[in-house]
Amino acid sequence: MLSATYRQSSQPRAEAMEADPTNQWLWRMNPRRLDIEAYRDSLLQAAGKLDLTMYGPSEDIDTGRRRTVYATLSRGRSNADVLKLYDAPPPMQHTPMRYLTINPLQALFVMNSGFVQGLASDLAAAVETKMPREEIVNALYRKVFARDASPDETSLGVKYLAGADVARYAQALLSTNEVIFWP
């Protein structure tokens, strides 16, 4: 863990991209998508709705707020479509390895899902909407990305909020690659 290779940043650098665009020489970590369990938990955490209670009975994945590891999986009936959509293995099959795919249905889920829209509304409610728009943008960035917004991101957010409500902006932030991909 103390080696220079291990401590490399995953952020692309212009000179390295020019010399090795495919990252053959491992100058950074390639971005990887979170599995559905970690992604769902991170969405709940960003909205402040993740229930960290350990042990106990399982809950329905569509309505429950506990960690996804506590979601009810039935071998006899079809499970939640979100699990299938993000390549979770069927509970009746042996699956030694999960193959992660990226398809348009995943983006449509994030844009149209009642689950994500509800979390965006919860996130918007957690931010004081009587603040100036710049502070709303920064508060949302802190909750979703655990960092402050850059000046460009702040100006884009302020422009967006001029024509849309905070919940729609929160949903737009929850649907970014920064949420679903490892840094």
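No lab work stands behind these numbers, since they all come straight from the coordinates. The structure displayed is predicted, hence computed values, not measured ones. Cβ: placed from backbone, ideal geometry, glycine included. Neighbour counts: every protein chain shown.
A few notes on this one:
- Evaluation of Tyr86 against the conditions (1) on the phi > 0 side of the Ramachandran plot; (2) touching a strand residue (DSSP E or B) at 6+ places or on another chain (Cβ under 9 Å); (3) among the aromatic types (Phe, Trp, Tyr) shows that the sole unmet condition is (1).
- Identity of the residue in segment 10-41, within 13 Å of the chain's Cα centre (by Cα) and part of a loop (DSSP other than H, G, I, E, B), that ends up farthest from Ser113 (Cα to Cα): Arg32
- When Arg98 is tested against (1) touching a residue at least 60 places away in the same chain (Cβ under 8 Å); (2) within 30 Å of Lys159 (Cβ to Cβ), exactly one condition is not met: (2).
- Any chance Ala46 is closer than 27 Å to Lys143 by Cα and in contact (Cβ under 8 Å) with a residue 40 or more places away in the chain: yes
Okay, residues lined up against (1) touching a residue at least 12 places away in the same chain (Cβ under 8 Å); (2) charged (D, E, K, R); (3) surrounded by 12 or more Cβ atoms within 10 Å (Cβ to Cβ); (4) assigned to a loop (DSSP other than H, G, I, E, B):
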{"position": "Val82", "(1), (2), (3), (4)": "yes, no, yes, no"}
{"position": "Asp87", "(1), (2), (3), (4)": "yes, yes, yes, yes"}
{"position": "Pro90", "(1), (2), (3), (4)": "no, no, yes, yes"}
{"position": "Gln106", "(1), (2), (3), (4)": "yes, no, yes, no"}
{"position": "Phe109", "(1), (2), (3), (4)": "yes, no, yes, no"}
{"position": "Gly118", "(1), (2), (3), (4)": "no, no, yes, no"}
{"position": "Ser121", "(1), (2), (3), (4)": "yes, no, yes, no"}
{"position": "Ala124", "(1), (2), (3), (4)": "yes, no, yes, no"}
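- Helices (runs of 4 or more DSSP H) lying entirely in segment 127-183 (those with 1 or more residues that are exposed (fewer than 13 other Cβ atoms within 10 Å of the Cβ) and at negative phi): 151-163, 177-180
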